[in-house]
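J.: For reference, the structure I am asking about is given below.
Just so it is clear, none of the values below were taken in a lab; they were calculated from the coordinates. Please read all numbers here as calculations on a predicted model, not as lab measurements.
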Amino acid sequence: MFTYPVRRWFWLSLITALMILALEFIVGWIGIVIFAFSLFPLLGIIAAIIYPILVVFIMGFWLVFSDFANISGVNVVWLRESEPYAFLLSKAAALARKMNVDFEKLGVVWTQTVNAFTYGVFRPKIVLYKGLLDNFSEEEIDFVIAHELGHIKHRWVWFLYCMANAVVILPLFMPLIVRIFFYFFLIPTRLALLWFSRECEYIADREAVLATGNMAAALTALIKLGKVKGVDIDLRNLSERDIVEKVVGDAIASLSTHPLIERRVRELLRFYPYFRKIYRV
């Protein structure tokens, strides 16, 4: 799956998310079957058969829905050859060919927010914000685009999130006391998926560096992103964390889909020896 070193935490987060998600599915399945059986025995048998089918159906719905719905809620202007920033299309296309991925469209949000994201599984789309385009260099923009393409390259992870959404919906129809018991399993599942999401950010960073061949631009892009978030990063003083920073940082990061910027920079610096070997720099 990967041709480069991957953090061991990626595999541990993936296994943890899968195990807890499977447990959530089983608990929901058993709960619905018991509830249906208490109403009418034959209904319990029907529920045992129908439940996994409905989970797959809802999962498929979320996958398709993500291709057509503007899940961000922002106004995106999809780029054409005559549009401002149309040069980004050729940049993205060249990087996509290099990374052996496809995307359907690339759009710009005309606000000064510094951000970028991708969405869609079968018809993936990349969205960049004007604030990012105005404040990042061309090489840094290449890194951002390649980072989003890295998510597209490994978009199989969306199946996990859609599965999580599917197994959450059906138990809503159970009695309140059963729902309360069931949702005790929801909290660790979401935390596990957040952990896995953060590990995927490290993967996308590495994919982007290998695609662009520009470690310096990757680091400066992350440093600029850190400044937007109020974090000043000095590479000369980016030492290992002390115990206080580790505890506080872990607590903050555990509730986020993205790692702290300092950690992303540290991980790229750890990745530098492999990058240097590949590009012989």
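J.: To the nearest 500 deg cm²/dmol, what mean residue ellipticity at 222 nm is calculated for the chain from DSSP H runs of n ≥ 4 alone, each contributing -39,500 (n - 2.57), summed and divided by the residues?
T.: That comes out to -22000 deg cm²/dmol.
J.: Applying the Karplus parametrisation 6.51 cos²θ - 1.76 cosθ + 1.60 with θ = phi - 60° to the phi angles of the range 103-114, what ³J(HN,Hα) value in whole Hz is obtained for each residue in order, glycine and proline being reported as x?
T.: Karplus-based 3J(HN,Hα) across the range 103-114 equals 9, 7, 9, 10, x, 10, 9, 8, 10, 7, 5, 9 Hz.
J.: With a length cut of 30 Å (Cα positions projected on each helix's long axis) and a Kyte-Doolittle mean of at least 1.0, go through the chain and give me the DSSP H helices that pass.
T.: Working: long enough: 8-39 (47 Å, 1.97); 41-68 (40 Å, 2.18); 186-212 (39 Å, 0.41).
Correct list, ordered by number: 8-39, 41-68.
J.: A follow-up question, please. Rounded to two decimals, what is the ratio between the C-alpha radius of gyration of the range 188-233 and 2.2 N^0.38 Å?
T.: Scaled against compact globular proteins, the figure is 1.40.
J.: Would you list which lysines come within 20 Å of Lys227, measuring only between C-alpha atoms, while excluding same-chain residues fewer than 8 positions from it?
T.: List returned: Lys130.
J.: Another question about this same structure. If you plug each phi of the range 116-124 into the Karplus form 6.51 cos²θ - 1.76 cosθ + 1.60 with θ = phi - 60°, what whole-Hz ³J(HN,Hα) values come out, in order, with x for Gly and Pro?
T.: Karplus-based 3J(HN,Hα) across the range 116-124 equals 7, 7, 10, 8, x, 9, 8, 10, x Hz.
J.: Using the Kirkwood formula on the Cα atoms of the range 49-170, what hydrodynamic radius do you get, in angstrom to one decimal?
T.: Averaging 1/r across every pair of different Cα atoms and inverting gives 15.5 Å.
J.: Past 29 Å, Cα to Cα: identify those pairs from Lys98/Lys125; Lys105/Lys277; Lys153/Lys224; Lys229/Lys277, in the order given.
T.: Lys105/Lys277; Lys229/Lys277
J.: Which one of Ser66, Ser82, Ser90 has the biggest mean-square fluctuation once the chain is modelled by GNM with Cα springs under 10 Å?
T.: Taking springs between Cα atoms under 10 Å, the residue moving most is Ser82.
J.: Let me ask something additional. Can you say what percent of the DSSP beta bridges in the range 65-206, counting only those with both residues inside, are antiparallel? Round to 5.
T.: Around 55 percent of the beta bridges assigned by DSSP in the range 65-206 are antiparallel ones.
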